1. Please work out how many pairs of lysine residues in the chain are eight or more positions apart (or on different chains) and have Cα atoms closer than 22 angstrom.
2. Can you pull out the GluC sites (Glu not before Pro) in the stretch 25-65 whose DSSP state is coil and whose Cβ has at most 12 other Cβ atoms within 10 Å?
3. Over the chain, what is the relative contact order in percent, taking alpha-carbon pairs closer than 8 angstrom and at least six residues apart?
4. Scan the stretch 235-310 for trypsin sites (Lys or Arg not before Pro) in coil per DSSP, keeping those whose Cβ has at most 15 other Cβ atoms within 10 Å, and list them by number.
5. Of the DSSP beta bridges with both residues in the chain, give the percent that are antiparallel, rounding to the nearest 5.
6. Please arrange 71, 289, 95, 228 by how many other C-beta atoms lie within 10 Å of their C-beta, fewest to most.
7. Identify, among 288, 86, 204, the residue whose Cα sits farthest towards the positive end of the charge dipole of the stretch 3-304, taking +1 on the Cβ of Lys and Arg and -1 on the Cβ of Asp and Glu, with the dipole about the Cα centre.
8. Residues in the stretch 270-310, backbone N under 16 Å from the label point at residue 191 (7 Å along the Cα-to-beta-carbon vector): list them, ranges by number please.
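What follows is calculated from the coordinates using simple rules that are stated; it is not laboratory data. None of the values given here were measured: they were computed from a predicted structure. We place every Cβ from the backbone using ideal geometry, glycine too, and count neighbours over all the protein chains shown.
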Amino acid sequence: MKTFTLPGTELTVPNVVLGLMRIQEKTDEEVRTLVRTARDAGISFFDHADVYGSALHGCERRFAEAMQLSSSERAEIVLQTKAGIVREGPYFDFSSEHIVESVNGSLEALGTDYIDILLLHRPDALVEPDEVARAFDELQTAGKVRAFGVSNHTPGQIELLKTSVTQPLVANQLQLSVTHAPLVAQGVAANMQALDQSVSRDSGTLDYCRLHDITVQAWSPFQAGFFSGTFLGSPEYPELNAVIDRLAAKYDVPAIAIATAWITRHPAQMQVVLGTTTPERVAGAAQGSDVPLTRAEWYEMFRTAGYTVP
């Protein structure tokens, strides 16, 4: 498992992360097996959010109840959570009061004194940067949160936050897979008239993050679209799966590892956030961390996923 120092922090992190949004109904032993499999594969970074689960903080609490981490065990892992979505609204709330209340709820649910990284979950159109800054300052000063970031944010939205927020924004969690890749696809087809792929939908978010030492965390790395089902083995992507299967045989890894490798091969040094609760899939996906896809192989996957390479 490849690791790196997360820019803006002193954290050594793996380039594959385990997301825990689907563990609410899992038994203690199922959660422990999932986490143990991840740890054995080199994954020491676990991603949560206050809204994950059937109740607020449900998955955070399920994780803590199952794991019963000692202080030394807690120190060995990175816990990341998110705030800002009011699920029952539905709406978004980046007020200082909501952010602080959410973090206090996460700390209680997770049974920990601190969150390693807090992300603002989705952009709040009514955001007031001073409110966010006040919350971040309070949480940092109290030792409750050690680093901060965002999720699903554009460069302009990040720049707006930075007018008041003084802490470095260390991560931006964004949807990315080989079949859902506007982050990279627009730049490849720039300046091509009448091609939908050449339309900018994110204002150069990936390049912006690289320029500003913000680590992109790729969520739904195996989803064909927005929670529309995986592309792996899908009859809708026969050419892509033929390439993936061939590369899996070449590198002697499962197909899911090749899907992971397409993201980790990118020089932006992104993290892949796994959403599966199947231990075998976690172990298989983690193998992609070390697969050295060539440029030709990376572009072949990109083309057979349906993108234009001029």
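1. Working: 2/250; 26/82; 82/144; 82/162; 144/162.
Here the count comes out as 5.
2. Working: sites: 25, 29, 30, 60, 65; in loops: 25.
Here the GluC sites (Glu not before Pro) that fit, given the DSSP loop and packing criteria, are 25.
3. RCO, the chain: 18 percent.
4. Sparse-neighbourhood loop trypsin sites (Lys or Arg not before Pro): none present.
5. That works out to approximately 20 percent antiparallel.
6. Numbers: 71 8, 289 22, 95 17, 228 13.
Ranking 71, 289, 95, 228 by Cβ neighbours within 10 Å, fewest first, gives 71, 228, 95, 289.
7. Of the candidates, 288 comes out farthest on the positive side.
8. The answer is 309-310.
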